[in-house]
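Trainee: Take this structure, written in C-alpha cells, and hold onto it; I'll ask about it next.
The values are calculated or read from the model by the stated rules, or taken from the named source; none is laboratory data. Nothing here was measured: the structure is a model prediction, and the numbers come from that model. Here Cβ is always computed from backbone atoms with ideal geometry, including for glycine, and neighbour counts include all displayed protein chains.
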Amino acid sequence: MSIPIPPDSHFPIQNLPYGIFSTRDNPTPRAATRLGDTVIDLAVLDAAGHFGKPYGFFADASLNRFMAAGREIWREIRQRLTDLLSDGQAKLPPTTLIPIHEALMHLPAQIGDYTDFYASREHATNVGIMFRGRENALMPNWLHLPVGYHGRASSVVVDGAEIIRPRGQVARKDAPPEFTATRQLDFELEMGFFVGPGNPLGQPIPVETAGEHIFGMVLLNDWSARDIQAWEYQPLGPFLAKNFATAISPWVVSMEALTPFRVPGPKQDPEPLAYLKPASVFGVDIHLEVSLQSAQMTAPQVISRSNMKHLYWSMEQMLAHHTITGCNLRPGDLCGTGTISAPNEDGYGSLLELTWRGEKPIQLPGGEMRTFLQDGDTLTLSGFCRGDGFRVGFGEVRGRVLP
Ligand code: CA
C-alpha cells in the first residue's frame, strides 16, 4: 500500500508538516503530519513505538511541547517519519491514515503571545507614501530596526474561520467620529512563524542562534479595518483595527523542510547594529498568492502574487530584536512578518496598496468592482516553495466575510 501524492501537491514526502486534528470518530484533538491528501495520526504512531521511545506530546491538543523539545528531537522525528513514509508505508496501522476531508483542523498551538512585525520595505514605503507623502515614506527608524507591535493572541483563528465585519469609530471630515461597521475591511498577506524553545526572562536570544528558536512557518492573514486604524493608530499603533481576527493556515511547515529554500536577503544598508547583524541574512523563497471570490463568482480570481524573499528583515533578526531587552519568548508564541509586498504593483500584499487607498478599484470577472472587501467575499492566501519536480507548500488560509 502506498499513499498517493498528486504531482502539484503541497505535501510530498519532502514537506511533512505538523498540525492538530480531530475526526468525527475520535473528537480528541491530537497531532498529525500530512502526505498528499492523507493525514497521518502521530499520536498512534508514537504510542506504537515508531519514534523509538514514546514522546507522549503528540497526544496533546497542541504542538507546544513538541515545539519546546528543540532542534535535535525535531530532526530525529523528521528522519524517522521520512524513513517510515518513504518505504515503510505497508507497516503503518490503517488507523493512522485518515483522508484529509475527514479531518477537522484546529489551531496548531496554544498561542501565548502574538507579535506582528512590519518587515517589508515595499509595504512600509507604500503605506508611508499614502499616509505621509513620498518625502517621508519610510520612518527614520525603519532601516535600523524591525518595527513591530504586540498583537492579540486570543483572536488568532485557523483556516476557514468566518470573519464578522467589525464595528468601531471612524473619523469624519468636519464632524465628530461616527460608530459604524468598517467600510474598509482588508487583508494582509503575511507569513507567521512559531517559536520553539523560548528564552528565560532577562536573557536575549543572539541573532546568530535565533534560528534554533524557530520551529516552523504558516500562512498568516492579519485582517485589518483601515478606517478604524486611520483614526485610532496615533500615537500607540493599531489596536481595535487588528484585534478581531488573525487567521493562520493549519499545517506548520518545519524549518528543516524549508532549509533548501532559504536564500540571501536583500542588502541591508545602512549596516544594522551589531546585535542585529548575523554573518549572513537569509530569507525564504516562498511563492505567495492571494485570491478573492465574491458571492456571485463561481471561481476565485488571483489578485496578487508576491514572495517572502522580498522581506528586508529576516526572522532571526526579528527574534533577536524582540528579545534584546530580555523579553522572554515561550514555545508556541506566534510572530507575523508583516505584509509581504512585492516591488511590482500586482504583487502588493493588501487591498490598501493594490487599490491605492481605494483610488484604483480592482475589477473582478463578472464586472464587480472592489476597493475593500464586501460581505460574502472569500479571501484565500496560498504559498509554496518550488523544488526540483516537487512543491513544499503551506496549503491555504481562507476566510469569508460576514456582515
Ligand atoms: Ca500586519
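Trainee: The conditions are (1) touching a strand residue (DSSP E or B) at 6+ places or on another chain (Cβ under 8 Å); (2) at positive phi, and Gly133 fails exactly one of them. Which is it?
Mentor: Only one criterion in (1) touching a strand residue (DSSP E or B) at 6+ places or on another chain (Cβ under 8 Å); (2) at positive phi is unmet by Gly133, namely (1).
Trainee: If I ask for residues that are more than 20 Å from Lys242 (Cα to Cα), modelled with pLDDT under 95 and in a helix (DSSP H, G or I), which ones from segment 108-137 would you list?
Mentor: Residues satisfying the conditions are Arg132, Arg134, Glu135, Asn136.
Trainee: Pairs needed: first member in segment 363-383, in contact (Cβ under 8 Å) with a residue 60 or more places away in the chain and among the aromatic types (Phe, Trp, Tyr); second member anywhere, in a loop (DSSP other than H, G, I, E, B) and crowded, with 19+ Cβ neighbours inside 10 Å; C-beta distance under 7 Å; at least 6 residues apart or different chains.
Mentor: Taking only residues 6 or more apart or on different chains, the pairs are Phe372/Gln184.
Trainee: Now, a different point. Give the residue, chosen from Ser62, Ser22, that is over 28 Å from Glu212 (Cβ atoms), under 27 Å from the mean Cα position of the chain (by Cα) and of a type in the set (S, T, N, Q).
Mentor: Ser22
Trainee: Among the numbered criteria (1) within 21 Å of the chain's Cα centre (by Cα); (2) farther than 30 Å from Arg34 by Cα; (3) in a loop (DSSP other than H, G, I, E, B), which single criterion is violated by Pro197?
Mentor: Going through the list (1) within 21 Å of the chain's Cα centre (by Cα); (2) farther than 30 Å from Arg34 by Cα; (3) in a loop (DSSP other than H, G, I, E, B), Pro197 breaks only (2).
Trainee: Next question, about the same structure. Assess whether Pro177 counts as being in a loop (DSSP other than H, G, I, E, B) and of a type outside the set (Asp, Glu).
Mentor: no
Trainee: Collect the residues in segment 155-170 that are aliphatic (A, V, I, L, M) and in a loop (DSSP other than H, G, I, E, B), keeping them in residue-number order.
Mentor: Answer for segment 155-170, where residues must be aliphatic (A, V, I, L, M) and in a loop (DSSP other than H, G, I, E, B): just Ala161.
Trainee: Go through the residues of segment 253-263 one by one and say whether even a single one is part of a strand (DSSP E or B), crowded, with 16+ Cβ neighbours inside 10 Å and of a type in the set (S, T, N, Q).
Mentor: yes
Trainee: Tell me which residues, restricted to segment 234-244, are more than 12 Å from the ligand (Cβ to nearest atom), in a loop (DSSP other than H, G, I, E, B) and not polar (S, T, N, Q).
Mentor: Scanning segment 234-244 gives Pro235, Leu236, Phe239, Phe244.
Trainee: Looking only at segment 100-123, count every residue that is small (Gly, Ala, Ser), under 22 Å from Ala230 (Cβ atoms) and away from the ligand (no atom under 11 Å from the Cβ) and tell me the total.
Mentor: Residues flagged as small (Gly, Ala, Ser), under 22 Å from Ala230 (Cβ atoms) and away from the ligand (no atom under 11 Å from the Cβ) within segment 100-123 amount to 0.
Trainee: OK, next. With respect to Gly395, is the statement that it is within 16 Å of the ligand (Cβ to nearest atom), in contact with a Ser or Thr (Cβ under 6 Å, 6 or more places away or on another chain), touching a residue at least 40 places away in the same chain (Cβ under 8 Å) and within 14 Å of His287 (Cβ to Cβ) true?
Mentor: no
Trainee: Please give the number of the condition Leu220 fails out of (1) outside any strand (DSSP E or B); (2) within 14 Å of the ligand (Cβ to nearest atom); (3) within 29 Å of Gly326 (Cβ to Cβ).
Mentor: The single condition Leu220 does not satisfy is (1).
Trainee: Which numbered condition in (1) within 16 Å of the ligand (Cβ to nearest atom); (2) out of contact with any Ser or Thr (no Cβ under 8 Å at 6 or more places or on another chain); (3) in a loop (DSSP other than H, G, I, E, B) is the only one that Arg152 fails?
Mentor: If we test Arg152 against (1) within 16 Å of the ligand (Cβ to nearest atom); (2) out of contact with any Ser or Thr (no Cβ under 8 Å at 6 or more places or on another chain); (3) in a loop (DSSP other than H, G, I, E, B), just (2) comes out false.
Trainee: Oh, and also: Go through segment 362-381 and count every residue that is more than 21 Å from Thr182 (Cα to Cα) and buried (at least 20 other Cβ atoms within 10 Å of the Cβ).
Mentor: Total meeting the criteria: 1.
Trainee: Something else: Please report, ordered by residue number, the strands (runs of 3 or more DSSP E) entirely within segment 269-352 with at least 1 residues that are within 16 Å of the chain's Cα centre (by Cα) and under 30 Å from Leu201 (Cα atoms).
Mentor: So the answer is 282-284, 334-336.
Trainee: Applying the selection to segment 183-210, what residues are surrounded by fewer than 24 Cβ atoms within 10 Å (Cβ to Cβ) and within 16 Å of the ligand (Cβ to nearest atom)?
Mentor: Listed by number, the list holds a single entry, Gln184.
Trainee: Considering segment 124-138 alone, what residues qualify as being β-branched (Val, Ile, Thr) and within 16 Å of the ligand (Cβ to nearest atom)?
Mentor: Thr125, Val127
Trainee: While we're on this one: If the Cβ limit is 6 Å and pairs must be 6+ apart or interchain, which residue in segment 116-131 that is more than 14 Å from Tyr149 (Cα to Cα) and in contact (Cβ under 8 Å) with a residue 40 or more places away in the chain pairs with which residue that is near the ligand (Cβ under 10 Å from one of its atoms) and among the polar types (S, T, N, Q)?
Mentor: Between residues of segment 116-131 that are more than 14 Å from Tyr149 (Cα to Cα) and in contact (Cβ under 8 Å) with a residue 40 or more places away in the chain and residues that are near the ligand (Cβ under 10 Å from one of its atoms) and among the polar types (S, T, N, Q), the close pairs are Ser120/Thr339; His123/Thr339.
Trainee: Could you give me the residue pairs with C-beta distances under 9 Å whose first residue belongs to segment 1-19 and is more than 16 Å from Glu256 (Cβ to Cβ), whose second residue is exposed (fewer than 11 other Cβ atoms within 10 Å of the Cβ) wherever it lies, and which are 6+ apart or on separate chains?
Mentor: Met1/Ala90; Met1/Pro94; Ser2/Ala90; Pro7/Gly389
Trainee: Moving on to the next point. For residues in segment 343-361 being away from the ligand (no atom under 16 Å from the Cβ) and touching a residue at least 60 places away in the same chain (Cβ under 8 Å), which is surrounded by the most Cβ atoms within 10 Å (Cβ to Cβ)?
Mentor: Residue satisfying both the conditions and the ranking: Arg357.
Trainee: Let me ask you something else. Conditions first: (1) within 13 Å of the ligand (Cβ to nearest atom); (2) part of a strand (DSSP E or B). Gln229 passes all but one, so which condition is the exception?
Mentor: Every listed condition holds for Gln229 apart from (2).
Yes or no, residue by residue, for (1) touching a Pro at 6+ places or on another chain (Cβ under 7 Å); (2) surrounded by 12 or more Cβ atoms within 10 Å (Cβ to Cβ); (3) within 25 Å of Pro197 (Cβ to Cβ); (4) among the aromatic types (Phe, Trp, Tyr):
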position: Ala61; (1), (2), (3), (4): yes, yes, yes, no
position: Asn64; (1), (2), (3), (4): yes, yes, yes, no
position: Ala68; (1), (2), (3), (4): yes, yes, yes, no
position: Glu72; (1), (2), (3), (4): no, no, yes, no
position: Arg78; (1), (2), (3), (4): no, yes, yes, no
position: Leu85; (1), (2), (3), (4): no, yes, no, no
position: Thr96; (1), (2), (3), (4): no, yes, no, no
position: Ala103; (1), (2), (3), (4): no, yes, no, no
